[in-house]
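Below you'll find the structure, written out as structure tokens, and then a few comments.
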Amino acid sequence: MDRYLVFGHPVRHSKSPFIHTLFARQTQQELEYGLAEPAVDEFAQALRTFFAQGGKGCNVTVPFKEQAFTLVDRLSPRAKRAGAVNTIKLTDDGVLLGDNTDGAGLVADLKSHGVTLADSRILLLGAGGAARGALAPLLAELPSELVISNRTHTKAQQLAAEFHALGPVTAQTYEQLAGPFDLVINSTSASLQGELPPLAPALIHTDIAIYDMMYSASDTAFISWAKQHGARQTMDGLGMLVEQAAEAFTVWRGIRPGTKQVLRELKRNLGVI
Ligand code: ATR
């Protein structure tokens, strides 16, 4: 049977095996999908061994995405732009192809929630790997403006300069920000520590859409905060997780699974509904 897995550390709580097993059942594909948690300095070896032993493809998550970028034979254009690889496929001619489906997953999830990106003013919080992966797919949707704000302003400036050729992207400090924005995307890891990016509450209004790339069984700190200040449409990263997985599954199997039912099952599994 064709073998796939996700590399990460820690990875025990990954939902990817659950999601891909449902995709496989739905599309009647024969495959198995597991977990691998190599020591941080043993990822390269573990990756080689997996493919030497017949593995067909893998996902890569924290903290290995940047390393995976350097280990594959060939990179897709979107992986190149993201500077990170979350999906690897062994092609029929034996080439390890590195791809990145995170940004496409974000855009697909925003669209499935009915968020309009064309001509919108988007505020992207954070300038780490997650923000980098989101930039090109967001700019491809032709927003009127995309502002990056980050605690360390120079990192936001660097990202804006790097992606400037792809669309109207600028960097502003949190203090400089002037609304109204249509959509705020939180790509920071602040929620992981229960912290908040230092965003002025005045930027939140009833018609704004709020997206936190993080997810948890209850509202993330950022989503709770946005709701308190009047945001009516809030979304967490669970949908993005399922959509990036669907995109990876499509890369591997050439068949696109449906995501709605799988997202519902995942929520049930997590105790969210
Ligand atoms: P990832 O790959 O998930 O994006 P990362 O590269 O470590 O992770 O980036 C984390 C991002 O969250 C950074 O933009 C970081 O800001 P700095 O560049 O200033 O470090 C941001 N971040 C983390 N904790 C934060 C907090 N408490 N408030 C605001 N921003 C925070």
Next on the checklist: Between helix 260-270 and the chain, what is the angle of the helix's C-alpha long axis to the longest principal axis, kept within 0 to 90° and rounded to the nearest 10?
Outcome noted: 90 degrees
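Starting from the Cα gyration tensor of segment 96-162, take the square roots of the eigenvalues, sort them a ≥ b ≥ c, and report rounded, prolate or oblate (rounded when a/c is under 1.5, otherwise prolate if a/b is larger than b/c, else oblate).
On the way: a/c = 1.98, a/b = 1.12, b/c = 1.77.
Cα axes put segment 96-162 in the oblate bin.
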Next on the checklist: Give me the net charge for the shell around PHE64: Cβ to Cβ below 12 angstrom, other residues only, Lys and Arg +1, Asp and Glu -1.
Outcome noted: -3
Checklist entry - Which net charge results for the neighbourhood of GLY167, defined as the other residues with beta-carbon distances under 10 angstrom from its beta-carbon, given Lys and Arg at +1 and Asp and Glu at -1? => result -2
Next on the checklist: Expected output is a single nm value to one decimal: the length gained when fully extending between PHE18 and THR152, i.e. 0.36 nm times separation in residues minus the C-alpha distance. What is it?
Outcome noted: 44.6 nm
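When the dipole is taken about the Cα centre of the chain, and only Lys, Arg (+1) and Asp, Glu (-1) are charged at their Cβ, what size is it in debye, to the nearest 20? Intermediate results must be reported in sequence, preceding the final value.
Values: 25 positive and 27 negative charges, 73 e Å.
Dipole size: approximately 360 debye.
Restricting to DSSP loop positions (anything but H, G, I, E, B) with no more than 15 other Cβ atoms inside 10 Å of their own Cβ, which GluC sites (Glu not before Pro) remain in segment 19-109? List each step's numbers first, then the result.
Details: sites: GLU30, GLU32, GLU42, GLU66; in loops: GLU30.
Of the GluC sites (Glu not before Pro), the ones in loops of segment 19-109 whose Cβ has at most 15 other Cβ atoms within 10 Å are GLU30.
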Item to check | Per-residue ³J(HN,Hα) for segment 79-91, Karplus 6.51 cos²θ - 1.76 cosθ + 1.60, θ = phi - 60°, Hz, x for Gly and Pro | outcome: 5, 4, 5, 6, x, 7, 10, 10, 9, 10, 10, 8, 7
Checklist entry - Check ASN86: other-chain or 5+ apart residues with amide H under 5 Å from its amide H, H built from backbone geometry? => result ASP99, ASN100, THR101
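Eigenvalues of the Cα gyration tensor times 5, then square-rooted: what semi-axes does that give for segment 11-140, in whole angstrom, largest first? Don't jump to the answer; show the numbers that get you there.
Numbers: eigenvalues 145, 68, 41 Å².
In descending order, the three semi-axes are 27, 18, 14 Å.
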Item to check | Degrees separating the helix 102-112 axis from the principal Cα axis of the chain, which is the longest one | outcome: 60 degrees
Item to check | Which of GLN172, THR250, GLY128, positive extreme of dipole for the chain (C-beta unit charges) | outcome: THR250
Checklist outcome for this item: Non-local residues with an amide H under 5 Å from the amide H of TYR174, with H modelled 1.01 Å from N and Pro and chain starts lacking one, are ASN150
Checklist entry - Each residue of segment 46-57 in turn: what ³J(HN,Hα) in whole Hz from Karplus with 6.51, -1.76, 1.60 and θ = phi - 60°, glycine and Pro shown as x? => result 4, 5, 4, 4, 4, 6, 5, 8, x, x, 9, x
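Sort ASP92, ASP2, ASP207 so that the residue with the fewest other Cβ atoms within 10 Å of its own Cβ comes first and the one with the most comes last.
Details: ASP92 6, ASP2 15, ASP207 10.
Ascending Cβ contact count within 10 Å gives the list ASP92, ASP207, ASP2.
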Checklist outcome for this item: GNM on the chain, Cα springs under 10 Å; top mean-square fluctuation among SER191, SER112, SER16 goes to SER112
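Pop the C-beta distance of THR206 and GLN53 into the FRET formula with R0 = 51 Å and round what comes out to the nearest 0.05.
Working: r = 55 Å, r/R0 = 1.07.
Calculated value: 0.40.
Compute the signed sum of charges (Lys and Arg +1, Asp and Glu -1) over the other residues within less than 14 Å, Cβ to Cβ, of LEU199.
Numbers: positive: ARG151, LYS227; negative: GLU175, GLU195, ASP212.
Neighbourhood net charge equals -1.
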Next on the checklist: Just to confirm the number: angle between the C-alpha axis of helix 16-27 and the first principal axis of the chain, 0 to 90 degrees, nearest 10?
Outcome noted: 70 degrees
Item to check | Antiparallel bridges, percent of DSSP beta bridges restricted to the chain (to nearest 5) | outcome: 20 percent
Checklist entry - Taking the chain as a Gaussian network, Cα atoms linked when under 10 Å apart, which of ALA190, ALA248, ALA156 shows the biggest mean-square fluctuation? => result ALA190
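Beyond 27 Å, how much of the Cα-Cα pair distribution for the chain remains, as a whole percent? Walk me through the numbers on the way to the answer.
Details: 14084 of 37128 pairs.
For the chain, the fraction of Cα-Cα distances above 27 Å is 38 percent.
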Next on the checklist: Can you tell me the mean projection area, over all orientations, of the convex hull of segment 178-236's alpha carbons? Units nm², please.
Outcome noted: 3.5 nm²
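Counting only DSSP beta bridges with both residues in segment 61-160, what percent are antiparallel, rounded to the nearest 5?
Working: 4 of 11 bridges.
So the antiparallel bridges in segment 61-160 amount to around 35 percent.
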Checklist outcome for this item: If amide H atoms are modeled at 1.01 Å from N in the peptide plane, then the residues at a separation of 5 or more from GLY34, or on another chain, having amide H under 5 Å from its own are TYR4, LEU5, VAL6
Item to check | Label-zone membership for segment 87-114, site LYS260, 7 angstrom Cα→C-beta point, backbone N under 12 Å | outcome: 112-113
Next on the checklist: Under a crude label model (7 Å from the Cα following the beta-carbon direction), how far is ASP119 from GLN233 in nanometres?
Outcome noted: 1.5 nm
Checklist entry - Taking the chain as a Gaussian network, Cα atoms linked when under 10 Å apart, which of ASP41, ASP182, ASP99 shows the biggest mean-square fluctuation? => result ASP41
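The numbers here are math on the coordinates, done by the rules we state, and not lab data. These figures come from a predicted structure and were not determined experimentally. In this analysis, Cβ positions are derived from the backbone assuming ideal geometry, glycine residues included, and neighbour counts consider all displayed protein chains.
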